[in-house]
Amino acid sequence: MSTPEKESIRAYAPASIANVAVGFDLLGYPVAGAGDTVTVRRINEPEVRISAIRGLDVPLPKEAASNTAGAALIAMREALALPFGFEIEIDKGIPLSSGMGGSAASCVAALVAANELLDTPLPRESLYRFSLEGEAVASGCKHGDNLAPMLLGGLVLATLERIVSIPVPKAWHSLLVHPEAVLETRRAREVLKGDYRLQDFVSQSANLALVLSGCHTGNAALVRAGLRDVLIEPRRAPLIGGFAAAQHAAMEAGAMGASISGAGPSVFAWFESRAEAEIAAPAVLSAFKQAGFDGQYWISPIDSPGAQLL
Ligand code: HSE
């Protein structure tokens, strides 16, 4: 059967917050209000190509294998032995190297769109393994903490083998503040090399268990006790101007916890209500401003939607 050369599909994937203080490379959730849009066209040629990337001041690689969206669709084509190819157009809405999951958003939006162009679309979960190939292009290794939340929506625990939705009370809100600075994921991962103290590993495990239990039971006290990164944050915080003051401002405003979003430099905080997050936002922005960085913020339910077709 000949392929419909002109058929194209658009999909949107939101920004996301990875690690969530206690689940390095494992936990993440989407953020409403910022995202990437990707248009995918099914083509007769058995290849993946990128025809446009818009919305950035600096160029991203257009060679498909070096781009997160391209690499993911190459992985999909190969795994499914597809006889046709894809042409991709990317409209970036998430700042680069911001700790907001921009590379993962392009990758997931491309997969969600391409999936609709398959003769038999796959369930969302089945796209995860292809998305891991795309993310590896950006950060140098596979991890699904930005990807899985966009596939499922809400807070997600993402191992390399499986993705699991974690229930979170609807009232709990996230504040994400992005200072106008860049921090490349590869650099932020470099500083994590070296030994870790067993005692810190145990504390971090306890914190992860407290946060997951608190989310499952809607117990904010458990989350307050656990939403603290004793393992990764101490090594990355020195890379982020104004981090300590921004975190302090969020905690002073009543946050359940506040830490680095993904690899940084953005900062996130959890609140028991939208109203509390709204009160905290100007204080966190002001902390970054005093360190010399203008910023932007987003407030959304932790249980926010993932990627969607447009
Ligand atoms: N878990 C990743 C990290 C997220 O912190 O390096 C950014 O890709």
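Of all the residues that make up the range 121-170, how many are of a type in the set (K, R) and under 15 Å from G101 (Cα atoms)? Full working, then the answer.
If we filter the range 121-170 for residues that are of a type in the set (K, R), which is where we start, we get 124, 129, 142, 162, 170.
Now narrow it down to the ones that are under 15 Å from G101 (Cα atoms): 142.
Residues that pass the stated criteria total 1.
Can you find, within the range 232-257, the residue that is least open to solvent (accessible area, probe 1.4 Å) among those that are over 22 Å from L192 (Cα atoms) and not small (G, A, S)?
Of everything passing the filter in the range 232-257, M256 is least open to solvent (accessible area, probe 1.4 Å).
Regarding the range 232-251, can at least one residue be identified that is in contact with a helix residue (DSSP H, G or I) (Cβ under 7 Å, 6 or more places away or on another chain), of a type in the set (A, V, I, L, M), part of a loop (DSSP other than H, G, I, E, B) and outside the structural domain of L155 (by TED's automatic domain parsing)?
No, there is no match, as no residue in the range 232-251 is in contact with a helix residue (DSSP H, G or I) (Cβ under 7 Å, 6 or more places away or on another chain), of a type in the set (A, V, I, L, M), part of a loop (DSSP other than H, G, I, E, B) and outside the structural domain of L155 (by TED's automatic domain parsing).
Which is surrounded by fewer than 18 Cβ atoms within 10 Å (Cβ to Cβ), among the acidic types (D, E) and not in a helix (DSSP H, G or I), of D200, D195, D229? Full working, then the answer.
Details: D200 fails: not in a helix (DSSP H, G or I); D229 fails: surrounded by fewer than 18 Cβ atoms within 10 Å (Cβ to Cβ).
Result of the check over D200, D195, D229: D195.
Just the residues that are acidic (D, E) and in contact (Cβ under 8 Å) with a residue 24 or more places away in the chain, please, taken from the range 171-223. Full working, then the answer.
First pass over the range 171-223, keeping only residues acidic (D, E): 180, 184, 190, 195, 200.
Passing the criteria: E180, E184, D200.
Residue-by-condition table, conditions (1) small (G, A, S); (2) away from the ligand (no atom under 16 Å from the Cβ):
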site	(1), (2)
A158	yes, no
R162	no, yes
P179	no, yes
L183	no, no
E190	no, no
D200	no, yes
L222	no, yes
S273	yes, yes
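Quick one: count up the residues across the range 139-151 that are touching a Lys or Arg at 6+ places or on another chain (Cβ under 9 Å), of a type outside the set (S, T, N, Q) and surrounded by fewer than 23 Cβ atoms within 10 Å (Cβ to Cβ).
2
State the number of residues belonging to the range 169-188 that are under 30 Å from A220 (Cβ atoms) and open to solvent by 60 Å² or more (accessible area, probe 1.4 Å).
So the answer is 1.
Could you grab me the full set of residues in the range 153-168 that are surrounded by 17 or more Cβ atoms within 10 Å (Cβ to Cβ) and within 28 Å of A250 (Cα to Cα)?
Within the range 153-168, the first condition is being surrounded by 17 or more Cβ atoms within 10 Å (Cβ to Cβ), and the residues that meet it are 153-158, 163, 166, 168.
Within the range 153-168, G153, G154, L155, V156, L157, A158, I166, V168 qualify.
Might you check whether a residue that is in the same structural domain as M150 (by TED's automatic domain parsing), within 30 Å of G257 (Cβ to Cβ) and open to solvent by less than 60 Å² (accessible area, probe 1.4 Å) occurs anywhere in the range 65-77? Show your work before the answer.
Going through the range 65-77, the residues in the same structural domain as M150 (by TED's automatic domain parsing) turn out to be 65-77.
Subset that is within 30 Å of G257 (Cβ to Cβ): 68.
Among the residues that remain, those that are also open to solvent by less than 60 Å² (accessible area, probe 1.4 Å) are: 68.
There is at least one residue in the range 65-77 that is in the same structural domain as M150 (by TED's automatic domain parsing), within 30 Å of G257 (Cβ to Cβ) and open to solvent by less than 60 Å² (accessible area, probe 1.4 Å).
If you take the residues in the range 33-61 that are of a type in the set (K, R) and touching a Gly at 6+ places or on another chain (Cβ under 8 Å), which one is farthest from E87 (Cα to Cα)? Step through it out loud before you land on a result.
Keep residues of the range 33-61 that are of a type in the set (K, R), which gives 41-42, 49, 54.
Restricting the remaining residues to those that are touching a Gly at 6+ places or on another chain (Cβ under 8 Å) gives 42, 49.
Numbers: R42: 6, R49: 5 Å.
Per the criteria, the residue is R42.
When you go through P95, P46, P14, P59 one by one, which is the residue that is within 16 Å of the ligand (Cβ to nearest atom), surrounded by fewer than 24 Cβ atoms within 10 Å (Cβ to Cβ) and outside any helix (DSSP H, G or I)?
On the way: P46 fails: within 16 Å of the ligand (Cβ to nearest atom); P14 fails: surrounded by fewer than 24 Cβ atoms within 10 Å (Cβ to Cβ); P59 fails: within 16 Å of the ligand (Cβ to nearest atom).
When all the criteria are applied, what remains is P95.
Collect the residues in the range 100-124 that are in contact with a helix residue (DSSP H, G or I) (Cβ under 8 Å, 6 or more places away or on another chain), more than 19 Å from A81 (Cα to Cα) and not β-branched (V, I, T), keeping them in residue-number order. Full working, then the answer.
Going residue by residue through the range 100-124, those that are in contact with a helix residue (DSSP H, G or I) (Cβ under 8 Å, 6 or more places away or on another chain) are 101, 103-112, 114-115, 118, 121-122, 124.
In the following step, the residues that additionally are more than 19 Å from A81 (Cα to Cα) were identified as 101, 103-109.
Passing the criteria: G101, S103, A104, A105, S106, C107, A109.
Anything in the range 270-310 that is crowded, with 17+ Cβ neighbours inside 10 Å, within 15 Å of the chain's Cα centre (by Cα) and part of a loop (DSSP other than H, G, I, E, B)? List them, or say none.
I302, D303, S304, G306, A307 - these are the residues of the range 270-310 that are crowded, with 17+ Cβ neighbours inside 10 Å, within 15 Å of the chain's Cα centre (by Cα) and part of a loop (DSSP other than H, G, I, E, B).
For every residue, the table says whether it meets (1) away from the ligand (no atom under 16 Å from the Cβ); (2) aliphatic (A, V, I, L, M); (3) over 20 Å from T185 (Cα atoms).
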{"site": "A110", "(1), (2), (3)": "yes, yes, yes"}
{"site": "T120", "(1), (2), (3)": "yes, no, yes"}
{"site": "S126", "(1), (2), (3)": "yes, no, yes"}
{"site": "L132", "(1), (2), (3)": "no, yes, no"}
{"site": "V137", "(1), (2), (3)": "no, yes, no"}
{"site": "K142", "(1), (2), (3)": "no, no, no"}
{"site": "L147", "(1), (2), (3)": "no, yes, no"}
{"site": "L151", "(1), (2), (3)": "no, yes, yes"}
{"site": "G154", "(1), (2), (3)": "yes, no, yes"}
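The values are calculated or read from the model by the stated rules, or taken from the named source; none is laboratory data. Quick caveat: nothing in here was measured; it's all calculated off a predicted structure. Glycine gets a Cβ as well: all are built from the backbone with ideal geometry, and neighbour counts include every protein chain shown. Areas reflect the complete protein model, heavy atoms only, side chains present, ligands, DNA and RNA absent. Shrake-Rupley method; radii C 1.70, N 1.55, O 1.52, S 1.80 Å.
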